[in-house]
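Taking it in order: structure first as C-alpha cells, then the write-up.
The values are calculated or read from the model by the stated rules, or taken from the named source; none is laboratory data. These figures come from a predicted structure and were not determined experimentally. So basically every Cβ, Gly included, is an ideal-geometry build from the backbone, and we count neighbours across all protein chains shown. Side chains are part of the model used for accessible areas, which takes the heavy atoms of the whole protein and leaves out ligands, DNA and RNA. Shrake-Rupley method; radii C 1.70, N 1.55, O 1.52, S 1.80 Å.
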Amino acid sequence: SITFLFVIYIILYSIINGKKHFKNNLFYLIFGLGVFLRTIYIIDTGISTRQHDVLSLQSNGHLKYIYILFQTNKLPYTNRWQFYHPPFWHILAALFLKFSNLFGIVGNRAFEGIQILPLIFTSIIMIIVDKINIKLKIKNRYRYLIDLMIAVHPTLLFLSGSINNDCLLLLMEVLVIYLAIIWYENDSTKNTVVLALTTGLCVMTKANGAIMAIPLLYVFFKKYQKYYRNNDTKYASKLLLFGVISLPIGLWFQIRNMILFGRNIVPIPGGNPFLGNYSFIERFLLIDLKQSLAFAYQVQDYNLPAFLLKTSLFGEYKFNNIGIMHYAMIFLAILLMIIFVICILKYLLSNNKKIEINILLITLITSLTSMLFFNIKMPYVCSMDFRYITITLLSFVVILGYMFDKLKYKKIVELICALFITSSIIFICIAL
C-alpha cells in the first residue's frame, strides 16, 4: 500500500508541475523518495533490530531511559550505562509515548511508534541540506544529485529506524550549521536566540554535540572581524546573550550528574575486543583493504579507516543476501572519497573561499579529530562506528556539490554519484 501511494504521489507530482516546472521542483520528488524509503525501512525494522544500546526494559539502555521518563516524569536514578546521556531525545520520546496513549496506543505498539520521530528527523535533514545547497547557489543539476545522495544514503535510513539519540543529534548538528550560516548573514536578536537554543539542545541531546562549538567559534570570530572594522560595540552583548541561553541548556545535566554521582560515567564497551595492543600506525594510519571488504564487527577488526568506510554503508550489521552489491558500494564509496579529497584540495588552493564551506570543513576536521581521540581513549571495536561522526556526511555531499563545476571530469563524477545512488536503492530494496 505504501508503494502504491508513492506511485500516486509521482503521478500527481508530474501532473501538477507539468513539463515546464518539473525540473525546477524536482526536490519534492526526491524528498518523497527519501520519505518513502524511510517509511518502508521502519515498517520492516522493529525496535529490536539494528539498534544501538537500546535493548529491553530490563537493562539500563535507551528504551528503559525513555520508559522511566514516561512512567515517572523523572530522570533515571543513576548515570550507569546509557543513563549517562543527556535527556533531550528521551524526553521527546517519552512525550510521544504519552501522546500515543491518548489514542489508545499502548505497550509494544507505542514503543514501535517511537520510530516515527527519527523518520521525521531524517526527513527534515533532507530539507535543511537542500536549503544549504541553495544558499551556496549550487546548480540544480548538482544540487539534486546531492539531495538524492542524502535521500538514499544507507546511514540515514538506518538512523530513521533507530531509537537511541544518534538521529536527533545529527538533526541538531545540521541545524546548528544552517543557523550559523543564517546568523552570520543576520545576527539579529531573534537569530541569536534561535542559534543559542539549538546549540544548547544539541549538547543536551548527546555530550559530543559540544564539537559544534568549534565551527561556531569560527563564525563568531569572522563576525567579530566585521564588527571590529566598523567600530561597532554591540557584538559583546550578542555573544553574552548566546552564552546565557546555550550554556545552561547544554551543561545542566553534566553538572547535575557531577553533583549527584561525583562524575558522569562514560561506559566502557562490554563484549568488544580490546584494540590497545595494536600500534597507532596499524589502527589509524594504514587503510586495510581486506578489512574494508568484510562486514563490520568482525573479531579481526582494528583499523579505523576500514571500519569507518564499511559502517558508513552497512552499519555494524551483516547482510547475507546482497551479493555483489556489497563490493560495488564499497568500491564506489572509495572512489567518492578520493573525489572528495580532490575537491578539498582544489578548494584550499582556490582564491574563492566561502564562509559556508569553511564551516563545513571545520566541522569535518573537528569530527575526525574527535573520533581519533575517542578511539585512543576507548580502544574498542564499536568505538570506531561511523554513526559517531555522521555529520561528516553533510560536509562531504555539500562540498562535493559546491566544487562539482571545478572538477575536470564532471561527467565521470556524475556517473559515479549516479551509480552510488542506484546501488544504495537496490541495496535497501534487497537487504530488507
query = Among 137-143, 151-157, what's the highest-first ranking by average C-beta atoms within 10 angstrom per residue?
reply = 151-157, 137-143
task = At a Cα cut-off below 20 Å, give the lysines reachable from LYS318, other chains included and same-chain residues fewer than 8 away excluded.
result = LYS290, LYS310
Residue-count net charge about LEU304 - beta-carbon cut-off 11 Å; Lys, Arg +1, Asp, Glu -1 = -3
request  = For LEU419 paired with GLN71, estimate the spin-label separation in nm (one decimal), with each label point 7 Å from Cα along the Cα-to-Cβ line.
outcome  = 5.3 nm
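If contacts are Cα pairs under 8 angstrom and at least 6 residues apart, what is the relative contact order of the chain in percent? Mind showing how you got there, number by number?
On the way: 526 pairs, mean separation 78.7, N = 432.
With pairs under 8 Å counted, the relative contact order is 18 percent.
When the Kirkwood radius is taken over all Cα pairs of the chain, what Stokes-Einstein diffusion coefficient follows at 37 °C and 0.692 mPa s, in µm²/s?
Working: Rh = 23.0 Å.
Value of D from the Cα-based Kirkwood radius: 143 µm²/s.
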task = On a C-alpha basis, how far is the centre of region 368-432 from the centre of region 113-150 in Å? Whole number, if you could?
result = 15 Å
ask   = For the chain, modelled as a GNM with alpha-carbon contacts under 10 angstrom, which of ASN186, ASN303, ASN133 fluctuates the most?
value = ASN186
task = Could you calculate the contour length gain from LYS137 to LEU432, that is, 0.36 nm times the residue separation minus the distance between their Cα atoms, to one decimal place in nm?
result = 102.5 nm
message = List the residues, sorted by chain then number, that are 5 or more residues from TYR380 or on another chain and whose placed amide H is less than 5 Å from its amide H.
response = LEU275
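Between ASN277 and ILE120, what FRET efficiency comes out of the Förster formula 1/(1 + (r/R0)^6) with R0 = 56 Å and r the beta carbon distance, rounded to 0.05?
Numbers: r = 43 Å, r/R0 = 0.77.
For ILE120 and ASN277, the calculated efficiency is 0.80.
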key: Å³ per residue enclosed by the Cα convex hull of region 149-241   = 105 Å³
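In what order, largest first, do TRP81, TRP183 sit by accessible area if the probe radius is 1.4 Å? Spell out each step's value before the answer.
Numbers: TRP81 85, TRP183 5 Å².
Correct descending sequence by accessible area is TRP81, TRP183.
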note = Relative contact order in percent for region 324-402 (Cα pairs under 8 Å, 6+ apart) equals 40 percent
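Over region 275-432, what is the relative contact order in whole percent, taking alpha-carbon pairs under 8 Å and six or more residues apart?
Numbers: 139 pairs, mean separation 46.7, N = 158.
This gives 30 percent for region 275-432.
Between their Cα atoms, which of LYS234/LYS353; LYS206/LYS238; LYS135/LYS411; LYS135/LYS410 are more than 32 Å away from each other?
In this structure, no pair lies more than 32 Å apart at Cα.
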note = With all protein chains in place and a 1.4 Å probe, ASP301 shows an accessible area in Å² (nearest 10) of 0 Å²
task = Kindly rank 410-419, 316-325 from highest to lowest mean number of other beta carbons found within 10 Å of each residue.
result = 410-419, 316-325
query = If R0 is 41 Å, what FRET efficiency do you get for ARG256 and LYS190 from their C-beta distance, rounded to 0.05?
reply = 0.85
query = When the convex hull of the C-alpha atoms of region 114-191 is computed, what volume per residue in Å³ does it have?
reply = 85 Å³
ask   = With each pseudo-label sitting 7 Å past Cα toward Cβ, what's the LYS290-PHE373 distance in nm, one decimal?
value = 3.4 nm
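Could you order CYS429, CYS382 so the one with the most accessible surface comes first? Probe is 1.4 Å.
Details: CYS429 90, CYS382 20 Å².
Reading off the accessible areas and sorting them downward yields CYS429, CYS382.
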ask   = Using the per-residue mean of other Cβ atoms lying within 10 Å as a proxy for protection, in what order, highest first, do the peptides 360-369, 189-198, 274-283, 86-95 fall?
value = 86-95, 360-369, 189-198, 274-283
ask   = When N is the residue count of region 250-359, what does its C-alpha Rg come to as a fraction of 2.2 N^0.38 Å?
value = 1.49
message = Can you give the Rg/Rh ratio of region 282-432, where Rg is from the C-alpha atoms and Rh is the Kirkwood radius?
response = 0.97
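Pop out the Kirkwood hydrodynamic radius of region 70-156 from its pairwise C-alpha distances, inverse of mean 1/r, in Å to one decimal.
Working: mean 1/r = 0.0634 Å⁻¹.
Hydrodynamic radius (Kirkwood, Cα pairs) of region 70-156 is 15.8 Å.
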key: Extension gain from TYR235 to LEU57, taking 0.36 nm per residue of separation minus the Cα-Cα distance   = 59.2 nm
query = Which residues does a label at ILE214 reach in region 371-415, if reach means a backbone N under 18 Å from a point 7 Å past the Cα toward the Cβ?
reply = 371-378, 384-397, 399
